[in-house]
Amino acid sequence: MSTQTPDVTTRAAIATGPPLAEEPGLGPLTLPGFLAEVAEKYGDREALVFHAPDGVTRWTYTELRERATMVARALRACGVGKDSRVGVLMTNRPEWLAAVFGIGMAGGVAVTLSTFSTPSELDHLLRVSGVSVLLFERTVAKRDFAAVLTELEPAIGFSTPGELRSAEYPFLRHLSMIGEPVRGGVIEGWAGFLARGWSEPAELVEATAAAVTPSDTAVVFFSSGTTSKPKGIRSAHRGVAVQMWRFRRMYGFGPDDTVRCWTANGFFWSGNFGMALGATLAAGGSLVLQPTFDAPEALALMQSERVTFPVAWPHQWAQLEAAPNWAATDLSTLRYVDRSLPAATHPTVSTTYTEPGAAYGSTETFTITTCFPANTPDDVIAGSSGEPLPGVTVKIVDPLTGAILSRGESGEIGIKGPTLMLGYLGTPLDETLDAEGFFRTGDGGYLDDAGRLHWEGRLTDIIKTGGANVSPLEIDEALTAHPLVKVARTVGVPHETLGELVVACVIPHPDTSPTPEDLHAFLRERLASYKVPREVLFFADTDFELTGSAKIKTADLRELAGERLRA
């Protein structure tokens, strides 16, 4: 259990886990060091498998490191060095792993970009991140990112590879792409990009990889926050590596276990990076990659690749259970399946366990800060979100004054620890952390007498849907740009599988009659698909109750929207 801060009289709401140095199972604390360790230990084991229309790709751990080295050599040839930012815009595929590890080996910073990005969102991400190289997949679903990039910056269609000069994206110099080649212009094919590295000695890559330190910036992940645009979050190598090793321990993977992990959630989300990619590779398992989620295809992969460890969000499990091939699929190899999931009741599944689901974390802490390991008894969890992990300190404060509350009192959760971000892009750290170095999360909760954290929900208006954070402000800004929309307020309504349903509440301009279909089409051109409201509800001015400052009461509007949907 966690070590409580001594305070017998007030029982202050602050709890600290054991020292990080005492955490078992940690290996090297850089991405290059992590890859070197698992490649040496697991060598010829299969690290990943990828089914594509043109065939099946299987890489061993040795091959994964070799491919990452090739990327690192090519990046060096493109001028990437210490702290250079390199964007990765790909679905879950072998090149994603080679790129992110290769960037680390070259001393650079991997900027993971969502493949759900619309043109305007990608424009924002490129401007904010300041990447000098962009490695991307040309076609994702129905979106052609080569065409999108050329539309955003016409010079891309006229420059030659490696010679982009862009006033729109002044740091961007090089673009390399997986997919059907583009004739002319600055976008280079993947084979041509890798060929650039032939002149770079492999021993120099080994030297740069060895020179990376745990405190160096490793990655930038984006997360919706209280502002309308996604915020870039810088994480150190130590924070990322700690969580990769840690998730292996949390899931209870031993040296002799067969871990074959299927997932279709993007690795550009920190949770999936840590839970699926990190835990699997740390345990010497194999990643069964699905680039975009398709339920029948996912079930076929689980059967053919003998998956033991499926990682999906609740709404995906609902789709899997509803798939036409659900009952006929042989899922007998599944082993690491939580007893609460639909798969636990599948007729072919005989082994289940309790996942480390009693946990709390965020992208700002590169996933979990409190947790209990798999198979922890219910009476130990006691309905909580876990206890502080090694090196982590949790406090509960008054949201207005910042004063530490007492055990059992609800307030705002503050976190400090070894995986805490280095900061937001473009924001001074002292504007993000409090005077004691804690990150004030905007989440509500309390600590019980045993030092367990109980999460009670958001104090801010951020919507958690299908495992992703969505900013209502971002949706509202997009909606109010529609000529027929007078006022727009987006809320999250509780939902059984998604967690929260994104619902847009709209007051149209007088004498206009927009339809939900009109607004959905308008938003799909401007927002990633998971941000587009599932429901659009129309209201009159008198339906919105205003506060004295003329702001709509979110709690009241959420309740009103829920009533409308239930009706």
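The values are calculated or read from the model by the stated rules, or taken from the named source; none is laboratory data. Keep in mind that this is a model prediction, so the values were computed, not measured. Methodologically, a virtual Cβ is constructed for each residue, glycine included, from the backbone with ideal geometry; neighbour enumeration extends over all protein chains shown.
Here are some notes:
- Candidates are the residues of the range 139-160 that are closer than 21 Å to residue 529 by Cα and part of a helix (DSSP H, G or I); the one that is nearest to the chain's Cα centre (by Cα) is 145.
- Of all the numbered requirements in (1) touching a strand residue (DSSP E or B) at 6+ places or on another chain (Cβ under 6 Å); (2) closer than 30 Å to residue 424 by Cα, residue 241 misses one, and that requirement is (1).
- Of the numbered criteria (1) of a type outside the set (Phe, Trp, Tyr); (2) in contact (Cβ under 8 Å) with a residue 60 or more places away in the chain; (3) crowded, with 20+ Cβ neighbours inside 10 Å, the one residue 373 fails is (3).
- Counting the residues of the range 449-472 that are under 28 Å from residue 318 (Cα atoms) and assigned to a strand (DSSP E or B) gives 11.
- Qualifying residue in the range 127-138 (condition: modelled with pLDDT under 95, touching a Leu at 6+ places or on another chain (Cβ under 6 Å) and under 30 Å from residue 54 (Cβ atoms)): no
Here is a yes/no grid of residues against (1) among the charged types (D, E, K, R); (2) farther than 16 Å from residue 190 by Cα:
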| position | (1), (2) |
| --- | --- |
| 60 | no, yes |
| 77 | no, no |
| 83 | yes, yes |
| 96 | no, no |
| 112 | no, yes |
| 120 | no, yes |
| 131 | no, yes |
| 136 | no, no |
| 139 | no, no |
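- Hey, residue 82 closer than 18 Å to residue 208 by Cβ, more than 24 Å from the chain's Cα centre (by Cα) and at pLDDT 95 or above or not: yes
- Residues that are of a type in the set (A, V, I, L, M, F, W, C) and more than 19 Å from residue 565 (Cβ to Cβ) within the range 509-533 comprise 521, 522, 527, 528, listed in sequence order.
- Some residue of the range 184-197 being touching a Lys or Arg at 6+ places or on another chain (Cβ under 6 Å) and either modelled with pLDDT of 95 or more or not assigned by TED's automatic domain parsing to the domain that holds residue 93 (or both): yes
Yes or no, residue by residue, for (1) under 21 Å from residue 121 (Cβ atoms); (2) assigned to a strand (DSSP E or B):
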| position | (1), (2) |
| --- | --- |
| 474 | yes, no |
| 482 | yes, no |
| 487 | no, yes |
| 502 | yes, yes |
| 505 | no, yes |
| 511 | no, no |
| 517 | no, no |
| 523 | yes, no |
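- The helices (runs of 4 or more DSSP H) located wholly in the range 37-138 that include 1 or more residues which are within 26 Å of residue 531 (Cα to Cα) occupy 94-105, 119-129.
- Residue 208 being at negative phi and modelled with pLDDT of 95 or more: yes
- Which listed residue is more than 23 Å from residue 163 (Cα to Cα) and buried (at least 19 other Cβ atoms within 10 Å of the Cβ), from 117, 84, 132: 117
- Yes/no for residue 280 being on the phi < 0 side of the Ramachandran plot, in contact (Cβ under 8 Å) with a residue 40 or more places away in the chain and of a type in the set (S, T, N, Q): no
- Boolean, residue 310 is at pLDDT 95 or above, touching a Cys at 6+ places or on another chain (Cβ under 8 Å) and within 25 Å of residue 243 (Cα to Cα): yes
- Residue match in the range 155-170 (condition: over 24 Å from residue 265 (Cα atoms), surrounded by fewer than 16 Cβ atoms within 10 Å (Cβ to Cβ) and among the polar types (S, T, N, Q)): yes
- Close pairs (7 angstrom Cβ cut-off, 6 or more residues apart or separate chains): modelled with pLDDT of 85 or more in the range 148-159, aromatic (Phe, Trp, Tyr) anywhere: 153/169
- Condition met for residue 491 (surrounded by 17 or more Cβ atoms within 10 Å (Cβ to Cβ) and among the β-branched types (Val, Ile, Thr)): yes
Here's the yes/no breakdown for (1) over 19 Å from residue 368 (Cβ atoms); (2) at pLDDT 95 or above:
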| site | (1), (2) |
| --- | --- |
| 404 | yes, yes |
| 407 | yes, yes |
| 410 | yes, no |
| 418 | no, yes |
| 421 | no, yes |
| 425 | yes, yes |
| 432 | yes, no |
| 439 | no, yes |
| 442 | no, no |
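- The criterion of being free of Cβ contacts under 8 Å to residues at least 60 places away in the same chain and either farther than 21 Å from residue 52 by Cβ or over 17 Å from the mean Cα position of the chain (by Cα) (or both) does not hold for residue 230.
- Only one of the listed residues (187, 233) is in contact with a strand residue (DSSP E or B) (Cβ under 8 Å, 6 or more places away or on another chain) and farther than 19 Å from residue 136 by Cα. That residue is 233.
- Some residue of the range 447-457 being closer than 28 Å to residue 357 by Cβ, touching a residue at least 60 places away in the same chain (Cβ under 8 Å) and surrounded by fewer than 16 Cβ atoms within 10 Å (Cβ to Cβ): yes
- The conditions of being hydroxyl-bearing (Ser, Thr, Tyr) and in contact with a Pro (Cβ under 7 Å, 6 or more places away or on another chain) are met by residue 497.
Okay, residues lined up against (1) touching a residue at least 40 places away in the same chain (Cβ under 8 Å); (2) of a type in the set (A, V, I, L, M); (3) within 18 Å of residue 275 (Cβ to Cβ):
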| position | (1), (2), (3) |
| --- | --- |
| 302 | yes, yes, yes |
| 306 | yes, no, no |
| 316 | yes, no, yes |
| 321 | no, no, no |
| 325 | no, no, no |
| 328 | no, yes, no |
| 334 | no, yes, yes |
| 340 | no, no, yes |
| 343 | no, yes, yes |
